[in-house]
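For reference, the structure discussed in these notes is given below.
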Amino acid sequence: MHEGRLVFAQLMDFFPEREFNECVARYQGNYRLRGFTCRGQFLAMAFAQLTFRDSLRDVVTCLRAMNTKLYHAGFRGSISRSTLADANERRDWRIYHDFAQILIRRARQLYLNEPLAVGLQQTVYALDSTIIELCLSLFPWAHSQRKKAAIKVHTLLDLRGNIPCFVRITRTKVADSALLDQLVPEPGSYYVLDRGYHDFARLHRWSQAGAFFVVRGRRNITFDRQSSHAVDRTTGLRSDQQVRFRDRRTAKGYPERLRRVTFYYAQRRQRLILLTNAFTIPALTVSTLYRSRWQIELFFKWIKQHLRIKHFLGLSPNAVKTQIWIAISTYLLVAILKRQLRVERSLSEILQIFSVTLFEKTPDFTTLLNQNAHFPKTTCPNQLPLFDF
């Protein structure tokens, strides 16, 4: 007999039970339920995320195959495809939204001292959106374009640890800049934005709130130059200027001065025009801040590859939002586990291990995750290298 506890049960030790029950009670998630509670729904959907299940039948079949271990994994009551489908359809998605906010606060505290690509003590955020395509015949409520359906996931990413702090799921017709009204800017923090957030009236309100932004400018915007500063062109910088908008409508929305930094990105042969209200940091730091925005693009690519947010287990808006928020919560649980247990593997490696060991027993959870984390180089002279580079 194998000693120890199931890997899935040890993972759920990081699940804050009391806070989750408060979220369930807030929206009466367990009202008049007999067996399959909101916690059972979360566990089943988290299992689907961790083992890469793509359908309700797939999830239920795999769980029933482990029927003798379900109780020890935390499941209570029977699980069926119709029960799980009804839960995703009817139970309020805000339960899992509020629960994810609790995990976000906990993860941000753990990654508070994570180093940044720039030498700043302040918090740096990247704001962007990604589109998830859907089938129009199955998701008619998500009509995007002619014969197409999709949703847009707006995300504010804390670059210390790549923790998603703010997520909104909207239709694709919602402009990126409209999300600036839903965010409460933190004074002293830096927000890195792409060209889709060119609404300088909204950005001016952020500037008055004490927040700093770095946004990529468009070439057709006209300025009146107020002053210029010398730059080291060997670093890629081309100019560092203080400007005002020449266009009356734009100047009415942002009547104050802005800093305009031009940078040539040699690797891509790309010239970047960056606008910011941060006048005290070096010009090279402004360009480094914008280049760190690439982390949110990598984050979107990562979650689409490693989480189940492209194949949905329900067709209603409630089911889609429930699955996305449970996917985010699962990501945060693994990120919390990685930091608290000081696991040396990457998040993708941890997910791969979980995909095949969830219902295995182990006495030492940390040893399982750290085992062979660093592969030693072979010293056998008879073993030829597979690659010479």
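Only aspartates and glutamates eight or more places from Lys338 in sequence, or on another chain, were considered; those with a Cα closer than 12 Å are Glu349.
Scanning residues 5 or more positions from Leu134 or on other chains, those with amide H under 5 Å from its amide H are Ala149, Ala150, Ile151, with H placed 1.01 Å from N in the peptide plane. Under a 5 Å amide H cut-off, with hydrogens placed 1.01 Å from N, Ile163 pairs with Asp158 among residues at least 5 apart or on other chains.
Summarising the strand pairing of the chain, around 85 percent of its internal DSSP beta bridges are antiparallel.
Within the same chain, aspartates and glutamates fewer than 8 places from Lys304 are excluded, and of the rest, those with a Cα less than 14 Å from its Cα are Asp54, Glu133. Around the amide H of Phe213, modelled in the peptide plane, lie the amide H atoms of Tyr191, Asn277, Ala278, all under 5 Å away and 5 or more residues distant in sequence or on another chain.
Taking the Cα centre of the stretch 195-292 as origin, work out the dipole magnitude from +1 charges on Lys and Arg Cβ and -1 charges on Asp and Glu Cβ, in debye rounded to 20.
On the way: 21 positive and 6 negative charges, 88 e Å.
That gives a dipole near 420 debye.
Taking the fewest neighbouring Cβ atoms within 10 Å as the starting point, the ordered list for Thr235, Thr285, Thr280 is Thr280, Thr235, Thr285.
When you restrict to C-alpha pairs under 8 Å that are six or more residues apart and normalise by the size of the stretch 195-292, the relative contact order lands at 28 percent. Each residue of the stretch 182-198 is assigned a 3J(HN,Hα), and the resulting list reads 8, 9, 9, x, 8, x, x, 8, 10, 10, 9, 10, 9, 5, x, 10, 7 Hz, derived from the Karplus form 6.51 cos²θ - 1.76 cosθ + 1.60 (θ = phi - 60°), x at Gly and Pro.
Each residue in Tyr265, Tyr191, Tyr111, Tyr31 was given a count of other beta-carbon atoms within 10 angstrom of its own, and listing them fewest first yields Tyr31, Tyr265, Tyr111, Tyr191. Each Lys and Arg Cβ is given +1 and each Asp and Glu Cβ -1; about its Cα centre, the chain then shows a dipole of about 1400 debye.
The stretch 206-238 and the stretch 26-87 have Cα centres spaced 52 Å apart. Once C-alpha pairs closer than 8 Å and six or more residues apart are averaged by separation and normalised to the residue number of the chain, the relative contact order reads 22 percent. Mind checking which lysines have their Cα closer than 17 Å to the Cα of Lys173? Skip sequence neighbours fewer than 8 apart in that chain. Within reach: Lys147, Lys148, Lys152.
When the chain is described by a simple charge dipole with +1 on each Lys and Arg Cβ and -1 on each Asp and Glu Cβ, the residue from Leu63, Ala73, Pro363 located farthest towards its positive end is Leu63.
Sequence-ordered 3J(HN,Hα) estimates for the stretch 45-59 from the Karplus curve with 6.51, -1.76 and 1.60 and θ = phi - 60° stand at 6, 5, 4, 4, 5, 6, 10, 6, 7, 10, 8, 5, 4, 4, 4 Hz, glycine and proline given as x.
The numbers here are math on the coordinates, done by the rules we state, and not lab data. Keep in mind that what you see is a predicted model, and the values were worked out from it rather than measured. Positions of Cβ are generated from backbone atoms using ideal geometry, with glycine treated the same way; all protein chains shown enter the neighbour counts.
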